[in-house]
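Undergrad: This is the structure I want to talk about, given as structure tokens.
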Amino acid sequence: GNDVEVAALGEHIYGSGQGFNNFVCLFVGTGIGSGIVQNGRLYPGLTGTAGEVGHIVIQAGGRICGCGARGCLEAYASRTAITKAIMAEIHHGRSSILATDAALQLREGETIIRSGLLANAIAQGDSLVIEIVTEAADYLGYGLGSVMNFYNPQAIILGGGVIEAIDLLFERAVYRARNTALSAPALQTKIIKARLGDFSGVVGAACLGSEAVGFQFPLS
């Protein structure tokens, strides 16, 4: 499983998932994590890995993903993927507000650009960042469209730092998803932002623990 599974539970009980019995919760950050709520309960699947939307292959033989496979959505639409694409273009001579070291945040030996910096660059009209984020959003939309076709959920709830900070990515991904999916799910599936932010996982974990000792949610 992954931490977005408990975030999905938190959103279901107290967040944007209220009123939906069947939905997919997907968070875009350093990676892409997701979880499925089915009939009002977390759906783990046979091995606890149900809902790994980040590892849908969207490009045969494509970029290497952190999981070791090639062409996974996470390798194209996560903040790590966006960072790598921007840095590669900068190294090839493209100009960008983010080209200065002062604008970058180092983590574990890698250069990862924070979501807020990406949003600021877009607001200032940085053509490179706009181009790369738009491309990432298109890939995310293709993945979401596939989820809509295959699982046909009532809703897809999107969260994580990248979604929260970058309106361009959210809006473009929703547009691409609706143009990728079959007509009925494209029209009827709700695609909305998570309401609880970073607290969704904490809330979900608390609910799981409390349910284990007999509490029922939501509490009035």
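The values are calculated or read from the model by the stated rules, or taken from the named source; none is laboratory data. None of the values given here were measured: they were computed from a predicted structure. Please note: Cβ atoms are built from the backbone with ideal geometry, for glycine as well, and neighbour counts cover all protein chains shown.
Undergrad: Restricting to segment 132-157, name every residue that is among the β-branched types (Val, Ile, Thr) and in a helix (DSSP H, G or I).
TA: Once the filter is applied, which keeps residues that are among the β-branched types (Val, Ile, Thr) and in a helix (DSSP H, G or I), segment 132-157 yields Ile132, Val133, Thr134, Val147.
Undergrad: Can you pull out every residue in segment 148-190 that is touching a Pro at 6+ places or on another chain (Cβ under 7 Å) and within 30 Å of Ile112 (Cβ to Cβ)?
TA: Result: Met148, single match.
Undergrad: Would a scan of segment 73-89 turn up a residue that is part of a loop (DSSP other than H, G, I, E, B) and either among the hydrophobic types (A, V, I, L, M, F, W, C) or without any contact (Cβ under 8 Å) to a residue 40 or more places away in the chain (or both)?
TA: Within segment 73-89, one or more residues are part of a loop (DSSP other than H, G, I, E, B) and either among the hydrophobic types (A, V, I, L, M, F, W, C) or without any contact (Cβ under 8 Å) to a residue 40 or more places away in the chain (or both).
Undergrad: How about segment 158-220: which helices (runs of 4 or more DSSP H) wholly inside it have at least 2 residues that are in contact with a Phe, Trp or Tyr (Cβ under 7 Å, 6 or more places away or on another chain) and at pLDDT below 95?
TA: Correct list: 199-212.
Undergrad: Exactly one condition in (1) over 14 Å from Leu169 (Cα atoms); (2) of a type in the set (Asp, Glu); (3) at pLDDT 95 or above is not met by Glu110; state its number.
TA: (3)
Undergrad: Being surrounded by fewer than 20 Cβ atoms within 10 Å (Cβ to Cβ) and either touching a strand residue (DSSP E or B) at 6+ places or on another chain (Cβ under 8 Å) or touching a residue at least 24 places away in the same chain (Cβ under 8 Å) (or both) is the filter here, so list the residues in segment 61-72 that pass it.
TA: Gly61, Gly62, Arg63, Ile64, Gly66, Ala69, Arg70, Gly71
Undergrad: Limited to segment 29-43, what total is found for residues that are crowded, with 18+ Cβ neighbours inside 10 Å and in contact with a Phe, Trp or Tyr (Cβ under 9 Å, 6 or more places away or on another chain)?
TA: Residues flagged as crowded, with 18+ Cβ neighbours inside 10 Å and in contact with a Phe, Trp or Tyr (Cβ under 9 Å, 6 or more places away or on another chain) within segment 29-43 amount to 5.
Undergrad: Using the structure shown, decide if Val129 is part of a helix (DSSP H, G or I), crowded, with 22+ Cβ neighbours inside 10 Å and modelled with pLDDT under 95.
TA: Against the criterion (part of a helix (DSSP H, G or I), crowded, with 22+ Cβ neighbours inside 10 Å and modelled with pLDDT under 95), Val129 does not qualify.
Undergrad: Could you give every pair whose Cβ atoms fall below 7 Å, whose first residue belongs to segment 153-178 and is free of Cβ contacts under 8 Å to residues at least 60 places away in the same chain and under 17 Å from Thr80 (Cα atoms), and whose second residue is part of a strand (DSSP E or B) and among the aliphatic types (A, V, I, L, M), counting only separations of at least 6 or pairs across chains?
TA: That search, which allows pairs on different chains as well, returns Phe170/Leu158.
Undergrad: Same structure, new question: Six or more apart or on different chains, Cβ under 8 Å: which pairs go from a residue in segment 127-152 that's within 15 Å of Thr83 (Cα to Cα) and among the small types (Gly, Ala, Ser) to one that's at pLDDT below 95 and not in a helix (DSSP H, G or I)? Could you list them?
TA: Pairs found: none.
Undergrad: While we're looking at this one, here's another question. Regarding segment 185-200, can at least one residue be identified that is within 15 Å of Ile82 (Cβ to Cβ) and either surrounded by fewer than 22 Cβ atoms within 10 Å (Cβ to Cβ) or in contact (Cβ under 8 Å) with a residue 24 or more places away in the chain (or both)? Don't jump to the end; show me each part of the working.
TA: At the first step, the residues of segment 185-200 found to be within 15 Å of Ile82 (Cβ to Cβ) are none.
No: zero hits.
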